[in-house]
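What follows is a short report on a single structure.
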Amino acid sequence: MDLSLSTRNVSGPGGDRTVVEVGGEIDVYTAPKLREQLVELVNDGSYHLVVDMEGVDFLDSTGLGVLVGGLKRVRAHEGSLRLVCNQERILKIFRITGLTKVFPIHTTVDEAVAATD
Amino acid sequence: MATVELRFSAQPEHVRTARLVAAAVARRAGVEEAVLDEVRLAVGEACSRAVGLHRSHGITAPVRVVLAEEEKTFSIEVGDEVPTSGAGSTAASADGGAATEDTDAEGEDEMGLAVISGLVDDVEVSTTEYGGVIRMSWPATSVVATTP
């Protein structure tokens with residue numbers, strides 16, 4: 001299954017957030033598309049991103065690398081990148097690589113949009 | 001001992017095929033359903049790494065995946081053809097390429113190995129003058145052969 005991407009803007013208590021809904025498989029072949037999308041958003045001035053991964057069937061280290069790259073980019077503009085994920089098999093990858101300490105991971109998009117810190 | 005061997009050109013789009021084949025053979029070999037996700041991820045990581053190595057070193061040879069169903073284990077070997085030429089081998093891709101991309105690629109390569117070693121208990125990474133091999137194995141309850 002290929003990667004699907006869609007974005008929408010949502011207003012939260014901390015200001016506007018851009019929700020990136022990702023579906024399908026994020027791997028060595030599809031991750032560049034996600035990277036392009038994140039780079040484009042940051043270049044267009046969206047510095048507070050919520051990446052909704054509920055529709056992701058597969059994620060590998062290439063995908064993790066893209067998310068870390070996205071986080072670096074938004075942080076350069078004092079922005080944020082939050083993830084939404086409840087799937088144990090995806091969460092496990094964040095856990096074994098220690099990235100649960102790097103990314104705020106939320107259970108719903110509403111919770112991620114509402115988060116301020 | 002049943003063995004399935006797969007060779008594919010070092011293109012990222014073929015890594016998914018390798019994952020699907022590995023999961024299918026692992027299921028047949030009697031690897032637990034709960035572990036299949038790990039097999040899929042680990043073989044994907046190993047193949048992505050091999051594809052990256054072949055591409056960064058300009059190697060046109062295919063990446064090799066050997067899936068072996070043994071009595072009580074299921075093993076996967078992913079082989080690349082990037083020889084080690086001493087300690088400086090990982091820097092070999094730096095010639096003329098964009099420095100930042102190479103750094104990213106090396107970072108992803110290390111993350112891939114980190115994921116594999118976090119997932120798989122039995123893993124060996126070896127490199128020779130002919131290339132590198134990642135060998136991983138999982139317990140399998142041998143499925144009794146049934147006639148269709």
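Please treat every number below as a calculation from the coordinates, not as lab data. Fair warning: this is a prediction, and the values are worked out from it, not measured in the lab. Every residue, glycine among them, receives a Cβ derived from its backbone with ideal geometry; neighbour counts consider all protein chains shown.
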(message) Among the numbered criteria (1) assigned to a helix (DSSP H, G or I); (2) within 13 Å of chain B (Cβ to nearest Cβ); (3) among the acidic types (Asp, Glu), which one does A:ASP57 miss?
(response) (1)
(request) Just one of (1) more than 26 Å from A:GLN87 (Cβ to Cβ); (2) basic (Lys, Arg); (3) in contact with a Phe, Trp or Tyr (Cβ under 9 Å, 6 or more places away or on another chain); (4) within 11 Å of chain A (Cβ to nearest Cβ) trips up B:ARG55, so point out which. (result) (3)
(request) Take B:THR3 and decide whether it is polar (S, T, N, Q) and without any contact (Cβ under 8 Å) to a residue 40 or more places away in the chain. (result) no
(request) Hey, can you tell me all the residues within the range A:12-32 that are away from chain B (no Cβ under 14 Å) and of a type in the set (Asp, Glu)? (result) A:ASP16, A:GLU21
(request) Note down all Cβ pairs under 8 Å where the first residue falls in the range B:25-47 and is over 14 Å from B:PRO139 (Cβ atoms), the second is polar (S, T, N, Q), and they're at least six residues apart or on different chains. (result) B:GLU45/A:SER61
(message) I'm trying to understand the selection: among the residues of the range A:60-69, which are more than 7 Å from chain B (Cβ to nearest Cβ) and surrounded by fewer than 23 Cβ atoms within 10 Å (Cβ to Cβ)?
(response) A:VAL68, A:GLY69
(request) Answer yes or no as to whether B:ALA2 is aliphatic (A, V, I, L, M), over 22 Å from B:MET111 (Cα atoms) and more than 10 Å from every other protein chain (Cβ to nearest Cβ). (result) yes
(message) Just the residues that are surrounded by fewer than 17 Cβ atoms within 10 Å (Cβ to Cβ) and of a type in the set (Gly, Ala, Ser), please, taken from the range B:31-55.
(response) B:ALA34
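For the range A:70-95: of the residues being part of a helix (DSSP H, G or I), within 20 Å of A:VAL42 (Cα to Cα) and among the charged types (D, E, K, R), which is nearest to the other protein chains (Cβ to nearest Cβ)?
Residues of the range A:70-95 that are part of a helix (DSSP H, G or I), as a first pass: A:70-75, A:88-95.
So of that shortlist, the ones also within 20 Å of A:VAL42 (Cα to Cα) come out as A:70-75.
Remaining after also requiring among the charged types (D, E, K, R): A:72-73, A:75.
Details: A:LYS72: 11, A:ARG73: 13, A:ARG75: 17 Å.
By that ranking, first place goes to A:LYS72.
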(request) Output the number of the condition that A:THR100 fails; it satisfies all remaining conditions of (1) closer than 20 Å to B:ASP37 by Cα; (2) in contact (Cβ under 8 Å) with a residue 24 or more places away in the chain. (result) (2)
(message) With the requirement that a residue be of a type outside the set (A, V, I, L, M, F, W, C), more than 18 Å from B:HIS14 (Cβ to Cβ) and crowded, with 16+ Cβ neighbours inside 10 Å, what does the range B:56-72 give you?
(response) B:GLU69
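Within the range A:8-55, how many residues are of a type in the set (Val, Ile, Thr), surrounded by fewer than 17 Cβ atoms within 10 Å (Cβ to Cβ) and touching a Ser or Thr at 6+ places or on another chain (Cβ under 9 Å)? Outline the logic, then answer.
The first filter runs over the range A:8-55 and keeps only residues of a type in the set (Val, Ile, Thr), leaving A:10, A:18-20, A:22, A:26, A:28, A:30, A:39, A:42, A:50-51.
Those left that are additionally surrounded by fewer than 17 Cβ atoms within 10 Å (Cβ to Cβ): A:10, A:39.
From what's left, touching a Ser or Thr at 6+ places or on another chain (Cβ under 9 Å): A:10.
Final tally of qualifying residues: 1.
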(message) For the range B:58-79, which positions are away from chain A (no Cβ under 14 Å) and assigned to a strand (DSSP E or B)?
(response) B:ARG64, B:VAL65, B:VAL66, B:LEU67, B:ALA68, B:GLU69, B:THR73, B:PHE74, B:SER75, B:ILE76, B:GLU77, B:GLY79
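Considering each of B:ALA24, B:ALA29, B:ALA18 in turn, give the residue that is touching a helix residue (DSSP H, G or I) at 6+ places or on another chain (Cβ under 8 Å) and either of a type outside the set (Lys, Arg) or facing chain A (nearest Cβ under 10 Å) (or both). Step through it out loud before you land on a result.
Numbers: B:ALA24 fails: touching a helix residue (DSSP H, G or I) at 6+ places or on another chain (Cβ under 8 Å); B:ALA29 fails: touching a helix residue (DSSP H, G or I) at 6+ places or on another chain (Cβ under 8 Å).
Going through B:ALA24, B:ALA29, B:ALA18 in turn, the sole match is B:ALA18.
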